[in-house]
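This report concerns only the one structure given below.
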């Protein structure tokens, strides 16, 4: 549960310690100057790009709010990153994910000095993920360039693991992600039941198709399956919030309904399986009877929502799995042909047609692997499989040894990560930043638990 900050102890004069009046005045003056300078810059941008004015006003209000509550800066960044808002939403301005990511990456680098043990594990994990990418791009017989975009995704693990800290830092991020899930879920439901919007489009077959599928919610991702997976992965965190009681319980229950509705609006079978896994796994591991009932109630509510999305459910039930089977067989053939370092990052799609002439009966010229493990094996070979396996082992060893699984929030974080991985069995690695942010949260929380235990042990010896 997110608790208010404890009051500061009194100093010798009987007054609260901290900044005196002069220092407060200096900080206030500096804040006014920063806001004034930002306003002048914003006005200049608004005159040149009128479309950016609403974004500037909203961003300015958010900036003022975060200045007064700086502990919410990182949770807000993680939430905006998770939402995957398209670039045009920002009115031509630089994305806060890109700009904020650079600032927080520098902050994370500075934090490495304070947390050398965590930093060492983060560096090793990132290296195990990055080295096979580079090796497969350089040594692949198919050739290819260094996958800068894929390497950039790993930085989100570094940022979250080191920039989230403090007794309630991870809880704030969890709450921010649950609020984002509400926004995403309701937006997807609205796009299908009422009409698409700029941020929440629907994906539909062209009109010349004979057997057209029902329109599917694509969310800010613009792709139904990844949109639905982004919702399913947050199911355990929504259940955790339900267990906090008060207004958070109502929020968590509403979010669970929004997640179920959003997945149905997307017509994603893989995300539905992932959400069901999350509900069953959470119910089977929590000692809280109310949370087990909440998980069961979510399944019942999802069943009740089926008539609202009957078209999407019907299309999903009749959708052929032959293409997916062919994609998996082709991935296995690539592993057989290039076992050591694979065919190279991003090369599966380019080689798909060459293999599909002899494997399966898929007439499409280009397809993604639609399975993260098979994509890693096909494009990075044994090197990639070993790298990911060793990285996962370090994450589990570091977190479980520090008692993550013994707390409600820790179990929710681990299950959210596992839910994403279950969904990724049916999807390729296009949105790995979501997985890496969850892993970063697990590492950050494990570090906090370890520090709290050491502090408790020292207090017991005093």
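Quick look at the numbers
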{"quantity": "Distance in nm between pseudo-label sites at residue 406 and residue 392 (7 Å out along the Cβ direction from Cα)", "calculated": "2.6 nm"}
{"quantity": "Label-to-label distance, nm, for residues given as residue 290 and residue 249 (7 Å Cα→Cβ offset)", "calculated": "0.3 nm"}
{"quantity": "Sequence of 131, 421 once ranked by neighbouring C-beta atoms within 10 Å, starting from the fewest", "calculated": "131, 421"}
{"quantity": "Neighbour-count order for 98, 327, fewest beta carbons within 10 angstrom listed first", "calculated": "98, 327"}
{"quantity": "Reference-scaled alpha-carbon Rg (2.2 N^0.38 Å with N residues) for the stretch 187-292", "calculated": "1.20"}
{"quantity": "Separation in nanometres of the label points that stand 7 Å from Cα toward Cβ, at residue 357 and residue 321", "calculated": "3.0 nm"}
{"quantity": "Neighbour-count order for 376, 199, fewest beta carbons within 10 angstrom listed first", "calculated": "199, 376"}
{"quantity": "Pairwise FRET efficiency - residue 306 versus residue 71, Cβ, R0 = 56 Å, nearest 0.05", "calculated": "0.85"}
{"quantity": "Chain lengthening between residue 120 and residue 340 when straightened (0.36 nm per residue, less Cα-Cα)", "calculated": "76.5 nm"}
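Values quoted throughout were computed directly from the atomic coordinates according to the rules given, and no laboratory measurement underlies them. None of these values were measured; they are calculated from a predicted model. Neighbour counts run over all protein chains shown; Cβ positions are idealised from the backbone, glycine included.
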